[in-house]
Structure formats: C-alpha cells, structure tokens
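Written below as structure tokens is the structure these notes are about.
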Amino acid sequence: MELSTRRMEQLLQIGRELSAAADLELLLDKIVTSAAEMTGSQVSSILLYDDEAVALRFIASFGAGEQSLQAIPVPLEKSIAGAAFLEKRLVAVRDAAKSARHFKRVDQVTRITTRSILAAPIIYREQALGVIEILNKIDSTDYNGEDATILETLASLLALALENASLESIIEKIKEETQRLDKMKTDFIAITSHELRTPLGLILGHSTFLREILEDEYHDQLDTIIRNAMRLKEIIENMTSVDNAQTGTAVLRSRTVSVRKIIEETTEKCHPEARLKKLHVRTALGQSELLIEGDSEKIGIIINNLLKNAITFTNEGGHITIAAEQVPGYIKIAVSDDGIGIPAKDIAHIFERFYQVESHLTRKHGGMGLGLSVTKMMVEMHGGRIGVESVPGKGSNFTILLPLDSAQAEATGKVFIT
Ligand code: ADP
C-alpha cells in the first residue's frame, strides 16, 4: 500500500524527532497524536508490557479524555491489544462488541464505546515490548492497508525510542552506581588512614625503644617488626596523601630544589631492593643540577613511587634507567624498565586509586594500587604532567614533565593530561 507524500513526510518527521528528542514522554504524545490524526481515529494509545503485573499498561493516549488509564492493567489473554502482543502481529477488529477478546473495562472508564480497533505490536529484536492501537475510525469505514502501514511504521519507531530510553536509564544507573562506589573509596581512604595512623605510631615507637634497650639476640625480631611497620607506614602515608588531595588540604611547599640531588638520593635508598633482584639501575642526568621551584618531599615521593614500581615489576637481572634533562620550561624525568610491561587495556586505569593490573587474588606483588594515583596527583600539584608508554613483556617508560616554576605554571592555569 502506497502512502501519500504528506503522510510519508509526517512519518519522516517523527523519525527525525526520535533521534533529536530528549524527552520520551513528549515523543510518545507526538506519536499517539499523529497515529490518530493520520488514520482519522477517535482514540490512539500506547501500552507497554509490565512483567510484574503480567499485563499491558497504558503509557500514552490521545482522545481518551482526562482519565488516567495507567492504573488499569490490560490482561494479555482477554484483550485485543493482548492478542497483538502475544501473537506479535497486527490485529484488526471491525466490531469490538462482537469480539470475545474486547476488554470492556477501558470503555467504562473512558465512556467511549469502542467500535473498530487496529492494534500493532511494538517489537524490538524479535521481542514484543508493547502495543500501539487506534480506535474508531471517524468516518466509520474499516481500517485499511494504509492505516496498517502507518501504525506498523509508528510501532517500529516506538521500538527504537523505547530501547533508547531504556539504554539511557541503564547508563544513568551505572553512573549513579559508579559515583556511589567512588564515594565509598573516598570514605574508606579517609577513615582507614586516620584510624591506622595512631596505633601504628605506637607500634613503631615502642619497638624502636625496645630495640634500644634489649640485647642483640632480640634485634632480628625487632628489626622485622620495625621493617614491616615501616611498610605499613608507607601505605598509610600514600592513603593520607590521597585523602589530602581529595579534601583539598594538600599543600605545595615550594623552594628551589635540585631534581638531580633528589633522584640520586632516592636511587641510593632503593639500591638494597634492586640489589636483591640483581637489577641494573642506572641514572642519566647529564651535567646540570636540574634546578626547579618545587616541593622536594613530593618530588622525592614521585620518583620513589616510580622507581619502586620499576623494581617490583622487573624480573631478576633486568634494567632500570632514571633519566632527567631540562627541556624548554620543564624538567623532564623518565623512569624506564625492561620489566613485565602493562597491557594496553589497563594503561588508562593505572593512575586510578586502588587500580592494579593483576587481580588481588592471583598477584605476586604487594602494594595497594595507590602509588601511581598519589604520583599523578603530586605531579599535577606542581602544574606538571605524567604519561606512560608500555609494551607487555618488553617494559614500561613513565615520563614526567615538571614546570621549572610550579607557581607560575599554576597561575597560568594549566590543563592536565595523563
Ligand atoms: P601499587 O602500589 O599496587 O604498585 P601503583 O598505583 O603504583 O600501585 O601501580 C598500579 C599498577 O600499575 C600496579 O599494580 C601494576 O600493575 C602497574 N604498574 C605500575 N608501574 C609498573 C611498571 N613499571 N611495570 C609494570 N606495571 C606497572
């Protein structure tokens, strides 16, 4: 059945509105109005399947008066809309009064006597979502092939609109859930870092005191306690740094510092661990002092975290290089290793709080997945940037750009990248 150009245009217009419409309700109203107008019907309605009620429910209607039809569940087995829904096909009834499937309750509420009905299922990927129906052709003729084409076209537009809307609501729910989980992480960090700090301070204080007063034979045990307490302290310090960044209480204590000196000191500190793994650690710092205006403690933490990761994720006998040089406006620091590398799918996430490439159930390495988020945050506090290139099985290269003068970099309003 060919549609007139005017009707084609009307359908096309609804199709366009479908892709542009932000409001599903408006679109549904537009569809019921058009369905009635284009087919010359007294009433038009859209019903959706409600799986809890195992019935169809009105979600939009035109010409049925002000009554709220939403409260009336339309049974699948005893209604014409139900037949279209269950059989997934167009159902036409010339005289509703004579049809055993006509559901009279709606007529009683709307005070409209249904004569003729045309109902089309709304189908998405072979699944019926609901029904669109038109009632009582005004000129009292029967519904014809053109009406059927219009109704089926509207039904397929509706299927897309409903699917879009449910995808949107799913995305919205996922967003809310992500925000909730993010808040839990934030609270967890704040509470744990605070609650662990005091008892750990006591453990460290007392065991250091005991080590001083007890004889040599107890030193090994006490050294183990102190060493492990120091590891816990490092974790808590990382948590505190994240918490300070979250609450905006982190401050940058800038003065002129030598990046060269910080790198040399940090590398020196890490040597025992590197030696245990027979790693070849090398620095490439050129001749200059590499002076910048920055917070030496934080720059130390940045380099320490990157170097520790390089040591942790490089197999025995591997190579690590810490290079630094001055480039226009910045000091560029690169920590590279020929270790296990990072899979491409994880790269975008490693700077997130608690993110670790290996699952915590199977991983061989320690850590809490906080080091890189702390590092990134401290680099950004300096107005700098951090990036990484990595090839699984070949190694990783973390690069940092620290502005020569972080105060000025911040004043000019930097855009941070990862
Ligand atoms: P953690 O303290 O647990 O190491 P980080 O935030 O420092 O946490 O690092 C997050 C994850 O990124 C690590 O668990 C590891 O999977 C990966 N990663 C970081 N640095 C390297 C590296 N040099 N080589 C390989 N993987 C790395």
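Summary table
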quantity: Helical contribution to [θ] at 222 nm, DSSP H n ≥ 4, -39,500 (n - 2.57), averaged over the chain, rounded to 500; calculated: -16000 deg cm²/dmol
quantity: For a label point 7 Å along the Cα-to-beta-carbon line of Asp142, residues of segment 67-96 with backbone N under 13 Å; calculated: 92-96
quantity: Nitroxide proxy distance, nm - points 7 Å out along Cα→Cβ at Leu160 and Leu26; calculated: 1.8 nm
quantity: Förster radius 35 Å - calculated FRET efficiency between Thr399 and Leu232, Cβ distance, rounded to 0.05; calculated: 0.70
quantity: Solution diffusion estimate, µm²/s, Stokes-Einstein, segment 176-247, Kirkwood Rh from C-alpha pairs, 10 °C, viscosity 1.306 mPa s; calculated: 115 µm²/s
quantity: Estimated distance in nm for a label pair at Thr283 and Ile171, the labels positioned 7 Å out from Cα along Cα-to-Cβ; calculated: 5.0 nm
quantity: The chain - accessible surface per residue (Å², probe 1.4 Å); calculated: 56 Å²
quantity: Coil-residue GluC sites (Glu not before Pro) of segment 122-167, DSSP, other Cβ within 10 Å capped at 15; calculated: Glu126
quantity: Kirkwood Rh in Å, taken over segment 255-412 so that all alpha-carbon pairs contribute; calculated: 15.9 Å
quantity: Sites Glu268 and Leu196, calculated FRET efficiency, Cβ-Cβ separation with R0 30 Å, nearest 0.05; calculated: 0.55
quantity: Residues whose placed amide H lies under 5 Å from that of Ala60, excluding near-sequence neighbours; calculated: Ile46
quantity: Cα→Cβ-extended label distance, 7 Å offset, between Arg125 and Lys104, nm; calculated: 4.2 nm
quantity: Per-peptide average of other Cβ atoms within 10 Å, ordering 96-105, 291-300, 348-357 highest first; calculated: 291-300, 348-357, 96-105
quantity: Cleavage-rule hits (GluC sites (Glu not before Pro)) in segment 184-271: DSSP loop, at most 13 neighbouring Cβ within 10 angstrom; calculated: Glu215
quantity: Accessible area of segment 5-172 belonging to carbon and sulfur atoms, whole % at 1.4 Å probe; calculated: 52 percent
quantity: Residues in segment 324-347 reached by a label modelled at Leu291 [backbone nitrogen below 16 Å; 7 Å Cα→Cβ]; calculated: 326-327, 329-331
quantity: Listed residue pairs exceeding 20 Å between alpha carbons, taken from Lys233/Lys269; Lys104/Lys137; Lys308/Lys394; Lys278/Lys332; Lys269/Lys394; calculated: Lys278/Lys332; Lys269/Lys394
quantity: Dipole-positive endmost among Gly40, Phe85, Ala60 within segment 25-86 (Cβ charges, Cα centre); calculated: Gly40
quantity: Tensor-based shape of segment 5-172 (alpha-carbon gyration tensor, a/c under 1.5 rounded, otherwise prolate or oblate); calculated: oblate
quantity: Mean separation of Cα contacts under 8 Å, 6 or more apart, over the residue count of the chain: relative contact order %; calculated: 10 percent
quantity: Qualifying GluC sites (Glu not before Pro) for segment 39-124 [loop in DSSP, other Cβ within 10 Å: at most 15]; calculated: Glu52, Glu66, Glu77
quantity: Distant-in-sequence amide H partners of Ile331 (H built 1.01 Å from N, under 5 Å); calculated: Leu402, Leu404
quantity: Value of relative contact order over segment 301-383, rounded to a whole percent, pairs C-alpha under 8 Å and six or more apart; calculated: 29 percent
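The values are calculated or read from the model by the stated rules, or taken from the named source; none is laboratory data. Please read these numbers as outputs of a predicted model, since none were measured by experiment. In this analysis, Cβ positions are derived from the backbone assuming ideal geometry, glycine residues included, and neighbour counts consider all displayed protein chains. Areas reflect the complete protein model, heavy atoms only, side chains present, ligands, DNA and RNA absent. Shrake-Rupley method; radii C 1.70, N 1.55, O 1.52, S 1.80 Å.
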